[in-house]
Amino acid sequence: MQHTLFALVENRPGVLNRVASLFRRRNFNIESLNVGRTETPDISRMTIVMDSKDVDVRIVEANLYKLVNVIDVQDVTNQPAVARDLALIKVKADPEHRGEITSLASIFRAKIVDVAPDSVIVEIAGTEDKIESLVELLRPIGILEMVRTGQVAMMRGTGAGVRHTPGAHGNGNGKSH
Amino acid sequence: MKKTGAEIMWECMVREGVDVAFGYPGGSIMPVHDAMLNYPVHHVLTRHEQGAAHMADGYARASGKVGVVLATSGPGATNLVTGIATAMMDSSPMVCITGQVHSHLIGGDAFQETDVTGITLPITKHNYLITRADEVAQVVREAFHIARSGRPGPVLIDFCKNAQIEVTEFKYSEEVSLPGYKPPKHAPVADLEKAVELIAKSERPVILAGHGVLMSGAMEELQILAVKTQTPVAMTLLGLGGLPASHELSLGMMGMHGEAYANNAIQNSDLILALGMRFDDRVTGNLRTYAPRARKIHVEIDPSEVHKNVTVDVPLVGDLKTVLTDMIPMLDEYEHETWMEQIAGWKAEAEDRSIMSWPDDGKLYTAHAIRALWNATNGDSIVATGVGQHQMWAAQYYHFELPYRLVTSGGAGTMGFGLPSAIGAWFAHKEKEVWLIDGDGSFQMTQAELSTAVQEGANVKIAIMNNNFLGMVRQWQEFFFDKRYAATPMTGPDFTKIADAHGIPARLVTKPEEVFDAFTFAQETPGPVVLEFRVEKEEAVYPMVPSGADLDDMIRRPVR
């Protein structure tokens with residue numbers, strides 16, 4: 001099953017390397033890793049997608065806490081969260097296929113962001129499933145190039161994701177003496 | 001107050017309680033060594049940077065303080081790698097300062113430039129690169145805080161030469177701001193209650209005491225817990241001394257070369273209380289058959305150790321001393337008479353097989369020599385070791401009554417750790433007798449530090465158990481490779497002459513009756529002394545759980 005975690009980390013040089021090195025060192029196989037800025041300039045946010053048949057998510061989370069620069073880790077899998085991926089797909093578009101691509105794009109609420117004589121670039125944002133579906137429909141037409149950001153995720157409302165690691169926030173998650 | 005980056009480093013280190021540092025100079029660390037002369041710090045010049053790292057580690061293990069290492073950039077820093085990895089595996093607090101080339105040269109493959117923060121990333125608890133003098137004070141404060149708190153470990157500071165020279169305003173602050181670093185202390189009460197319930201129901205409990213007992217200083221709490229619940233205590237190699245070996249509830253060491261009765265007790269237990277240990281493969285054997293009927297409680301400060309090797313019923317994440325202090329008043333007193341009788345039976349059987357019950361056959365056995373050393377030192381010496389057969393015999397036959405007495409590389413199994421770590425331990429406790437029990441293979445790896453011992457007048461007594469073999473590998477070849485002794489026979493030097501070349505008094509011991517006199521000679525001679533024991537060549541360490549076998553599937557010493 002696919003699991004999505006996000007980690008708040010200090011925005012310092014080398015932090016991405018520490019996380020990547022940890023995954024390599026502990027043999028954690030991940031599907032995607034996205035890093036970006038947040039509302040706070042000194043904090044970055046990483047979204048990590050992994051398959052729980054390959055790795056134990058609790059162990060990944062506990063190891064992330066071993067990194068001094070990791071501030072918080074939350075598991076948003078099966079939680080009320082919004083998860084989005086963005087893809088740019090360059091599709092072969094001779095005049096006879098252009099109409100088909102345009103109509104597929106509009107069904108998926110994707111956008112054509114570039115038109116060249118024999119190709120177009122389709123931009124789509126959405127869940128991974130939605131992007132996969134569009135990719136499958138475009139494939140027979142001819143995908144020349146594709147790039148995806150990897151998933152980003154955010155909890156709805158004020159709720160927090162699940163924190164599996166006992167003791168990771170000091171005195172036993174604040175539920176102690 | 002304006003100061004150079006190098007001066008600020010010493011200002012801060014002195015405030016952290018540093019009075020000794022182990023190191024080796026070089027181009028990129030020269031300003032740090034130069035500034036050091038103005039501070040009350042003794043510098044120990046080692047003969048190799050690996051020696052410096054092991055000395056600092058030995059110092060840390062024997063003193064409980066943070067060991068400090070200095071090395072230059074490039075090869076100086078890379079020579080530390082084995083020592084840092086050793087400290088990391090055994091959670092030993094250490095701060096390593098490495099020189100680095102000017103910050104504007106970084107990435108350009110300058111002379112003696114190496115990516116030291118990159119290389120040491122997976123073998124340090126944390127590391128830093130300092131490129132400006134105004135970063136120094138905060139980084140040093142954080143480095144010492146991280147090294148010694150929570151689960152301790154080595155921290156490395158890579159210090160660019162321009163930042164060492166640069167002058168800046170020195171502002172010191174005790175405070176550290178590390179929003180992502182909050183070592184746990186207490187375990188939640190609800191979890192403590194679950195643990196107490198399991199203990200109350202148990203009929204065959206065993207405590208597994210690890211290095212965490214010593215690191216957290218929970219020896220007294222361990223003893224109270226064990227006595228109150230009448231639970232026998234098996235120890236890991238690094239946990240030895242957590243409970244006195246002579247205590248009636250002590251089962252001695254567990255694991256691959258642990259006592260057979262300790263392993264039998266674990267396999268037959270219905271409850272394991274694992275305290276500050278990490279279920280290393282050397283203590284569990286085959287995980288699928290490990291303690292099959294036992295519920296498991298795991299008290300551990302590092303959440304990533306919980307469920308890592310063994311899935312447990314109740315994890316108690318927190319500082320061991322604190323967790324036990326919270327838990328003990330919640331417990332009733334228990335008796336486990338039938339269980340203790342069963343263990344006593346296993347124990348009696350083991351004593352019959354013990355090499356200690358052998359009559360004198362005129363041969364010199366390492367185990368006998370170590371027991372004689374225990375007698376000669378009243379069991380009160382600090383004992384450092386290398387890695388191999390002699391290390392296991394030291395663990396088995398130098399019955400550790402007190403904590404912080406055994407200085408040995410457990411997790412990493414680093415040969416060559418012995419001599420430098422013994423010198424480091426002596427700096428921590430100059431008033432105590434410090435012995436190195438080493439093998440001929442391990443000793444030769446860092447033998448150059450003999451000359452450091454002489455230069456420092458280090459009162460370290462060295463007992464080399466020379467069997468002209470890499471004995472532990474030879475033993476595996478004997479058991480598992482049809483006695484094909486590939487690359488294990490070793491022609492050693494005459495160690496007494498090596499000692500002589502250093503001006504170190506030495507004795508050669510070849511017969512059992514010479515052993516005690518040799519120890520007396522060493523004890524009565526001031527300064528370092530070398531004793532070379534020509535021991536039985538093809539003796540094996542028993543019991544032995546073959547790698548990956550079930551914990552109670554042990555190769556036992558043949559009965560004589």
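Rule-based calculations on the coordinates, nothing more; no lab input. Predicted, not measured: the structure shown is a model, and the values here were computed from it. Counting neighbours? That spans all protein chains shown, and the Cβs are built from the backbone with ideal geometry, glycine included.
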Where a ≥ b ≥ c are root eigenvalues of the Cα gyration tensor, a/c under 1.5 meaning rounded, otherwise prolate if a/b exceeds b/c and oblate otherwise, chain B counts as oblate
Gained length - A:MET146 relative to A:ASN27, 0.36 nm times residue gap less alpha-carbon distance
40.1 nm
Run the helix sum for chain B: -39,500 (n - 2.57) per DSSP H stretch of 4+ residues, divided by residue count, reported at 222 nm to the nearest 500 deg cm²/dmol.
-10500 deg cm²/dmol
Other chains near B:185-198: what is the mean number of their Cβ atoms within 10 Å of each residue's Cβ?
3
Rounded FRET efficiency, nearest 0.05, which uses the C-beta distance separating A:GLU10 from B:PHE516 and R0 of 45 Å:
0.15
Residue mean of other protein chain beta carbons inside 10 Å, B:299-308
5
Binning at 10 Å from 0, report for region A:2-78 what percent of all alpha-carbon pair distances ends up in each bin.
19, 59, 21, 1
Starting from the Cα of A:ARG84, step 7 Å toward the Cβ, then list every residue of region A:92-120 with an amide N under 16 Å from that point.
A:108-112
Label points 7 Å out from Cα along the Cβ direction at B:LEU45 and A:VAL113: separation in nm?
6.3 nm
Counting other chain Cβ atoms within 10 Å of each Cβ in B:168-181 and taking the mean gives 3
Ranked from fewest to most other Cβ atoms within 10 Å of their own Cβ, A:LYS92, B:LYS125 fall in the order A:LYS92, B:LYS125
Within region B:1-37, find all residues whose amide N lies under 15 Å from a label point positioned 7 Å from the Cα of B:VAL167 along Cα-to-beta-carbon.
B:1-8
Ranked packing of B:373-379, B:437-443, B:467-473, most packed first, by mean Cβ within 10 Å:
B:437-443, B:467-473, B:373-379
Which order results if B:ASP302, B:ASP517, B:ASP550 are arranged by neighbouring Cβ count within 10 Å, fewest first?
B:ASP517, B:ASP550, B:ASP302
Chymotrypsin sites (Phe, Trp or Tyr not before Pro) in region B:85-166 lying in a DSSP loop, each with at most 10 other Cβ atoms within 10 Å of its Cβ, come to B:PHE111
In whole angstrom, note down how far apart the Cα centers of region B:411-479 and region B:11-41 are.
27 Å
Using Cα pairs closer than 8 Å and at least 6 residues apart in sequence, work out the relative contact order for chain B, in percent.
14 percent
For the peptides B:201-209, B:245-253, A:25-33, what is the packing order when you average, over each peptide's residues, the other Cβ atoms within 10 Å and list the highest mean first?
B:201-209, B:245-253, A:25-33
Have a look at A:ALA160, A:ALA81, A:ALA116 and tell me which one the Gaussian network model of chain A (Cα, springs below 10 Å) gives the largest fluctuation.
A:ALA116
Could you tell me the distance between the Cα centroids of region A:20-85 and region B:51-73, to the nearest Å?
34 Å
Rounded Å value of the spacing that divides the Cα centres of region B:162-231 and region B:349-410:
30 Å
Note down the magnitude of the dipole of region A:34-177 about its Cα centre, charges +1 on Lys and Arg C-beta and -1 on Asp and Glu C-beta and zero elsewhere, to the nearest 20 debye.
480 debye
Antiparallel content of DSSP bridges confined to the protein assembly as shown, in %, to 5
45 percent
Using amide H atoms built in the peptide plane, which far-off residues or other-chain residues are under 5 Å from B:MET94 H to H?
B:GLY67, B:GLY153, B:VAL155
